[in-house]
Amino acid sequence: MAIEFKPSPSLPPPSDSVGPVAWVRANFFSSPLNIALTLFSVYVLYLMIPPVLQWGFLDATWEGSSKAACTAGGACWAFIGAYFEQFMYGLYPETEYWRINLALILLIVLVGMFAIKAVNKLFLSIAIIVVYPIVAFILFSGGMFGLETVETSNWGGLFLTTLLGVVGIVASFPLGVLLALGRRSNMPIVKSVCVVFIETIRAVPLITILFMASVMIPLFLPEGLNFNKLLRVLIGITLFSAAYMAEVIRGGLQAIPKGQYEAADAMGLTYWQSMCLVILPQALKLVIPGIVNTFIGLFKDTTLVYIVGMFDLLGRIQAANHDANWLGTTIEGYAFAGFVYWIICFGMSRYSMAVERKLDTGHKRK
Amino acid sequence: MSENTNTNTSFLNDAGNRALIFQAVLLAVVVFVGYYLFSNLQANLETRGISTGFSFLNEPAGFPVLIHLIEYTEADTYGRAFAVALINTFVISLLGIILATVIGVIMGLARLSNNWLVARLATVYIETLRNIPLLLQMFFWYFAVLAAMPHPRNSIVFGDFFINKRGIYSPNPQFQDGSGFVLAAFLLSIVGAFFIVRWAKARQKATGNWFPAYWASFGTIIGVTLLAFVVTGFPVEFDLPSKSRFNVTGGMVLVPEFVAVLIALSTYTGSFIAEIVRAGILSVNWGQTEASRSLGLPDGKTQRLIVLPQALRVIIPPLTSQYLNLAKNSSLGAAIAYPELVAVVMGTTLNQTGQAIETIGLCMLVYGSLSLSISLFMNWYNKRMSLVER
């Protein structure tokens, strides 16, 4: 009788190489150095987490009308509650908040419509870039259609921060594309004008540009023509980030193989056709991370308008810190501001990663 | 049917002509705008009665500057105040760059660590600080942390160090006679170390024998300097800070403005450098590490000889821009009264003299020449490293 060969079943992997125990061992205790690092990390966590929890949640006071109400010894979040509207809208009149909210909702609806396939993207873009700013401006400043006029000096808080950021982003992007194209142009005068502009702006800190906008621009304008400080600062911010944007886009343009330019020429496309239809779509896709980084940087840099006397979110918090009723609530104010900025900036960076993945049609052969 | 048949295109459709016309128009616009702005400026300065020129630099400034590393009193000129501010900007930038690099390298390596906990902690650090405006962080350190330090009476004490509302007090070394000898010995030992390294490299090339040159030269420097100290009988005395009833006197003081700017600048920039270091190391193909290991190189040498040189090629360009950013961001110190260039020149001097064009121009010139030199270097580097096609 033939003996049938039967392989014995495989043994399970040794218990110290798989499963949670092995994971813990590999990640925390694989070597003496690793053990030391683990212990050190645990100590750092021990130093930080319990006090922060105690201060921020367990001992925190959430309601009250002055610092005196905060007796629990922890964070005084009542301060944020009392000033919340100022942090959001600045000194905008309370009865007119709906105008800002309406403009925000409009923007969200318009941008959201990009997701709908049936909508014509070109019309939508024109609506957002040309029509929407006019509508928003009329809503914000009033003086028309029976809307009460609100001086720009009363604009502030997160509203002003967002306004500076969005206008800076929207206006600097096309300008940056033009500058980048100009810098790579064959025409020597065009090229040198762009190079001088980009390098000069990039060489100096934003503060000097803002000081220039608020102190020097009036000196360069003819007598009697004097435009609004907010507008001057907006121009400064836009020029500043356009120079950075131009360099990011130049990187993308450099990365496009020469064959693409040649192919576009061979098709008989004009310069603008080949740029808009062939080169820029590829170049911009390549540099999405850089573009979003510039946006995030711009959004964070809007805080500098505080130095030239405008009250954005950080400026309003600095002002509120001096309220005699709420002395000693500095940390709460900064924590709130930090939280808001963090959510927005981190959100932007994550959103850009999602866009990158979505647009990553790639040059892979499938 | 007449002249047009000779040329394929009309004058306006010729690409070369078009380029010429376009550039001429652009040049005309630039010149005209420049002229227009300049004539407006002259008219405005005249009506407002603002004098022009840099003669104000020789007038007495009449304001104090909190931190001055060279002699400065209120009776000194605006020119000297400018020099003081310039030095303050350089000092904070240089110290910030050194600290930020150290923090950045440590955090970048920590985020790549095999230790799960360490990697997560580094991630939290990087993602938090990168996404919060620098000005807010400066305010936090200055108004929330350092302002909350105890009064001088209740200073926090670490040995001879005192920390209170007015700053960090540390022993101030006073160099006595003979310290020049120690300095000379120190410099000589560095030269000696240089020769040891050269000799070791030459010997390794000739014979293949390896000599621990770096440890040897390190030991030489420490040993010779220490010996010089002993021979001259320790020519350094420390001016120790001491606590009187209401204040701390003596010693060296780091004022809160300085500390806040330095902490904020270096931790903020450090979080960016960390990502650059991480990206640089990740860019080196894992196969390189495997190849190095299969040659039998230990981990330390794999890092130092194989991974790092290749990673540096990716790291250096963005690192240079981070240094540049840090130098420019030091201008935010103006917001918490650290007396750097913007605070002294564009703040106080501009307010007192009203000479906006000169003061802002001066600031932009300083920052401009600082960054343009780095930018030129970067462009040269970019050209050298970028891919050459056909």
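The values are calculated or read from the model by the stated rules, or taken from the named source; none is laboratory data. Every value quoted in this text rests on a predicted model; they were computed, and no experiment measured them. Here the Cβ positions follow ideal geometry from the backbone for every residue, glycine too, while neighbour counts run over all protein chains shown. With ligands, DNA and RNA removed, areas are computed over all heavy atoms of the protein, side chains included. Shrake-Rupley method; radii C 1.70, N 1.55, O 1.52, S 1.80 Å.
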Partner shielding of B:111-122, as the mean number of partner chain Cβ atoms within 10 Å, equals 5
Taking R0 as 45 Å and r as the Cβ-Cβ distance between B:S51 and A:A324, the FRET efficiency 1/(1 + (r/R0)^6), rounded to the nearest 0.05, comes to 0.55
Place a point 7 Å from the Cα of B:R304 in the direction of its beta carbon; the residues of the range B:214-243 whose amide N falls under 12 Å from it are B:214-218
Taking a label point 7 Å from the Cα of B:Y214 along Cα-to-Cβ, the residues of the range B:97-141 whose backbone nitrogen sits under 19 Å from it are B:101-110
Highest mean packing first, using Cβ neighbours within 10 angstrom, the peptides A:142-152, A:282-292 sort as A:282-292, A:142-152
Taking alpha-carbon centroids only, the range B:329-368 lies from the range A:31-57 a number of Å equal to 42
Residue separation between A:I129 and A:K258 times 0.36 nm, minus their alpha-carbon distance, gives in nm 43.2 nm
Computed for the protein assembly as shown: size of charge dipole around the Cα centre, +1 on C-beta of each Lys and Arg, -1 on C-beta of each Asp and Glu, debye to nearest 20, value 2560
What one gets for the range A:277-322 as the Kirkwood radius, inverse of mean 1/r over different Cα pairs in Å, is 12.8
So, with points 7 Å from each Cα along the Cβ direction, the B:Q176-B:L41 label distance in nm works out to 5.8
Mean per-residue count of partner chain Cβ within 10 Å for B:11-22 equals 1
For chain B, the helices passing both cut-offs (Cα extent along own axis of 15 Å or more, Kyte-Doolittle mean at least 0.0, full DSSP H runs) are B:15-48, B:78-111, B:116-130, B:179-207, B:213-232, B:256-283, B:308-329, B:356-385
iface A-B | buried accessible area, total | probe 1.4 Å | Å², round 100 | 5000
Taking r as the C-beta separation of A:A36 and A:F57 and R0 as 22 Å, the FRET efficiency to the nearest 0.05 is 0.10
Quick calc of log₁₀ I(q)/I(0), the protein assembly as shown, Debye, one scatterer on every Cα, no solvent, q values 0.09, 0.11 1/Å, result -1.10, -1.57
Filtered hits (aspartates and glutamates, Cα-Cα < 17 Å from B:K165, offset >= 8 within chain) -> B:E257
Protection proxy (average C-beta count within 10 Å per residue), highest first, orders B:277-287, A:36-46 as B:277-287, A:36-46
Excluding residues fewer than 8 positions from B:K201 in its own chain, the lysines with Cα under 30 Å of it are B:K301
Of the DSSP H helices in chain A, the ones reaching 20 Å or more along their long axis in Cα terms and averaging at least 1.6 in Kyte-Doolittle hydropathy are A:32-53, A:97-112, A:157-183
Heavy-atom accessible area with a 1.4 angstrom probe orders A:T71, A:T61, most exposed first, as A:T71, A:T61
Taking a ≥ b ≥ c as the square roots of the eigenvalues of the Cα gyration tensor, with a/c under 1.5 meaning rounded and otherwise prolate when a/b exceeds b/c and oblate if not, chain A is oblate
Filtered hits (lysines, Cα-Cα < 25 Å from A:K191, offset >= 8 within chain) -> A:K258, A:K285, B:K383
If every Lys and Arg gets +1 and every Asp and Glu gets -1 at its Cβ, then about the Cα centre chain A yields a dipole, in debye to the nearest 20, of 1460
Check: C-alpha center the range A:215-285 vs C-alpha center the range B:101-180, spacing in Å is 40
Rounded to the nearest 10 Å², the 1.4 Å probe accessible area of B:F238 is 130
Residue separation between B:V255 and B:Q204 times 0.36 nm, minus their alpha-carbon distance, gives in nm 13.3 nm
Over all directions, the range B:176-253 yields a Cα convex hull whose mean projected area in nm² is 7.2
Of A:P12, A:P218, A:P50, the most mobile residue in a GNM of chain A (C-alpha springs, cutoff 10 Å) is A:P12
Heavy-atom accessible area with a 1.4 angstrom probe orders B:D14, A:D323, most exposed first, as B:D14, A:D323
Listed residues B:K243, B:K165, B:K201; largest mean-square fluctuation, Gaussian network over chain B with Cα springs below 10 Å, found at B:K201
Within the set A:L164, A:L106, A:L314, GNM on chain A using Cα springs under 10 Å gives the largest fluctuation to A:L106
Taking a label point 7 Å from the Cα of B:A24 along Cα-to-Cβ, the residues of the range A:250-277 whose backbone nitrogen sits under 14 Å from it are none
With R₀ set to 30 angstrom, the calculated FRET efficiency between the beta-carbons of A:A22 and B:I98, to the nearest 0.05, is 0.15
DSSP beta bridges in the protein assembly as shown: the antiparallel percent, rounded to 5, is 90
Averaged over the residues of B:134-142, the number of partner chain Cβ atoms within 10 Å of each residue's own Cβ comes to 6
Here the relative contact order (percent) of the range B:289-377, from C-alpha pairs under 8 Å and at least 6 apart, is 17
Ordered by number, the trypsin sites (Lys or Arg not before Pro) in the range A:83-121 that occupy a DSSP loop and have at most 12 other Cβ atoms within 10 Å are A:K117
